[in-house]
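The values are calculated or read from the model by the stated rules, or taken from the named source; none is laboratory data. This one's a predicted model, so the numbers in the text were calculated from it and none came from an experiment. Heads up, the Cβs are rebuilt from the backbone with ideal geometry, glycines too, and the neighbour counts pull from every protein chain shown.
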Amino acid sequence: MLIDKMMIMSGMDNQFTSESFGAENMKGIVSGNKGGILLVAHLGNWEIAGHFLMGYGDTINILVFDREHEQLKNYLNNVTGGRKFKLIAIKDDLSHIYEIGEALERNEIIATTADRFLHDGKTRSLNFLGEEARFPIGIFQIIKTFRANYSFVYGVKRSAKHYNFYCRPYRTVTKETTLDMIMEDYVRDLEGMVKENPEQWFNYFDFWKKG
C-alpha cells in the first residue's frame, strides 16, 4: 500500500481501477445547505479516497492536529496540486471551532480521522473488538454542537490494483441526538470495516491501553 501511495503521488493513479459504493451520498450530505462532516479512519488508502473526494466538486476542509499542519499541507500540495483541499488546524485556543462553523455555513464538507487521539485529549471508552477502547470526543462533540450531517468514508484495497471507495448514507443530528449515539454509530461502523479488512487498519499505538 505504501508503493500504491508513492505511485499515486507520482501521477500514476491511472494504473489503478476503483469502484464507488455510495459516492452519491457526498451530494446528499450537503443537501440541507448546512455543510457536513466526513469521519474517516486510519484504514485503507487515504489517497484513493482523496481522489474520489476531489471529484465531489466542492471544497473539502481537512481537520488536522496543529503539529501536523505544515507537513500535511506540503503532502497534499504534492498529491493534489493544492486543489479543493483546505486545512483547519486544531489549536489550543479553540480557534478551529470558528473555522469549522464558518465552513459549515458555506455548506462545505469537513473531513477528519476519528480513531486516534492525543494523549492530553478528552476521550470516551467504548467496546471495540471485544475490549474497551478510547476514542476522541472532540469531533463528535462538534457534530452534536453544530447538528451537522455526517457520514463515514473509506478507501479499501481489494486486489493488486483495485480499490473500493465507500461513503455511508449520511446521518442527521437533532436535539435528541446524544454524543454517545454519534460515537457508537461511528465505532460500530469502523469495527465492521476492521473485521473485514484487519490488515488495512494502520494503527500503531496501544489502542486498548487502560487509564
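Just one of Glu102, Glu47 is over 22 Å from Tyr186 (Cα atoms), of a type in the set (Asp, Glu) and either at pLDDT 75 or above or not in a loop (DSSP other than H, G, I, E, B) (or both); which is it? Break it down into steps so the answer makes sense when it comes.
On the way: Glu47 fails: over 22 Å from Tyr186 (Cα atoms).
One residue alone meets the criteria, Glu102.
Only one of the numbered conditions (1) buried (at least 17 other Cβ atoms within 10 Å of the Cβ); (2) at pLDDT 90 or above is not met by Phe85, and that is (2). A count restricted to segment 6-41 and to residues that are more than 23 Å from Thr59 (Cβ to Cβ), loosely packed, with under 15 Cβ neighbours inside 10 Å and in contact (Cβ under 8 Å) with a residue 40 or more places away in the chain stands at 4.
Does Tyr150 satisfy being in contact with a Lys or Arg (Cβ under 7 Å, 6 or more places away or on another chain) and aromatic (Phe, Trp, Tyr)? Before the answer, list the steps.
Working: in contact with a Lys or Arg (Cβ under 7 Å, 6 or more places away or on another chain): yes; aromatic (Phe, Trp, Tyr): yes.
Spelling it out, Tyr150 is indeed in contact with a Lys or Arg (Cβ under 7 Å, 6 or more places away or on another chain) and aromatic (Phe, Trp, Tyr).
Only one residue in Asp180, Asp185 is part of a helix (DSSP H, G or I), under 15 Å from Ala41 (Cα atoms) and among the charged types (D, E, K, R). Which one? Give the derivation first.
Details: Asp180 fails: under 15 Å from Ala41 (Cα atoms).
Of the residues listed, the single one that is part of a helix (DSSP H, G or I), under 15 Å from Ala41 (Cα atoms) and among the charged types (D, E, K, R) is Asp185.
Against the criterion of being in contact (Cβ under 8 Å) with a residue 24 or more places away in the chain and over 16 Å from the mean Cα position of the chain (by Cα), Ala133 qualifies.
Taking the criterion of being under 23 Å from Phe140 (Cβ atoms), of a type in the set (A, V, I, L, M) and at pLDDT below 65, the only residue of segment 54-72 that qualifies is Leu72. The requirement of being under 25 Å from Ile97 (Cα atoms) and assigned to a strand (DSSP E or B) is not satisfied by Arg158. In segment 104-118, the residue that is surrounded by the fewest Cβ atoms within 10 Å (Cβ to Cβ) out of those that are under 13 Å from the mean Cα position of the chain (by Cα) and among the hydrophobic types (A, V, I, L, M, F, W, C) is Ala111.
Going by the structure shown, is Arg168 closer than 20 Å to Asn33 by Cα, out of contact with any strand residue (DSSP E or B) (no Cβ under 6 Å at 6 or more places or on another chain) and surrounded by 13 or more Cβ atoms within 10 Å (Cβ to Cβ)? So that I can check it myself, show each step before the final result.
Details: closer than 20 Å to Asn33 by Cα: yes; out of contact with any strand residue (DSSP E or B) (no Cβ under 6 Å at 6 or more places or on another chain): no; surrounded by 13 or more Cβ atoms within 10 Å (Cβ to Cβ): yes.
No: the conditions fail for Arg168.
In this structure, does Tyr186 turn out to be among the aromatic types (Phe, Trp, Tyr), in contact with a Gly (Cβ under 6 Å, 6 or more places away or on another chain) and crowded, with 20+ Cβ neighbours inside 10 Å? Spelling it out, it is not the case that Tyr186 is among the aromatic types (Phe, Trp, Tyr), in contact with a Gly (Cβ under 6 Å, 6 or more places away or on another chain) and crowded, with 20+ Cβ neighbours inside 10 Å. In the set (1) among the β-branched types (Val, Ile, Thr); (2) farther than 24 Å from Leu87 by Cα; (3) assigned to a strand (DSSP E or B), Thr112 fails one condition alone, (2).
Under the condition of being basic (Lys, Arg) and under 17 Å from the mean Cα position of the chain (by Cα), which residue from segment 158-203 is nearest to Arg124 (Cα to Cα)?
Of segment 158-203, the ones basic (Lys, Arg) are 158, 161, 168, 171, 175, 188, 195.
When the remaining residues are screened for being under 17 Å from the mean Cα position of the chain (by Cα), the result is 168, 171, 188.
Values: Arg168: 23, Arg171: 21, Arg188: 14 Å.
Here the answer is Arg188.
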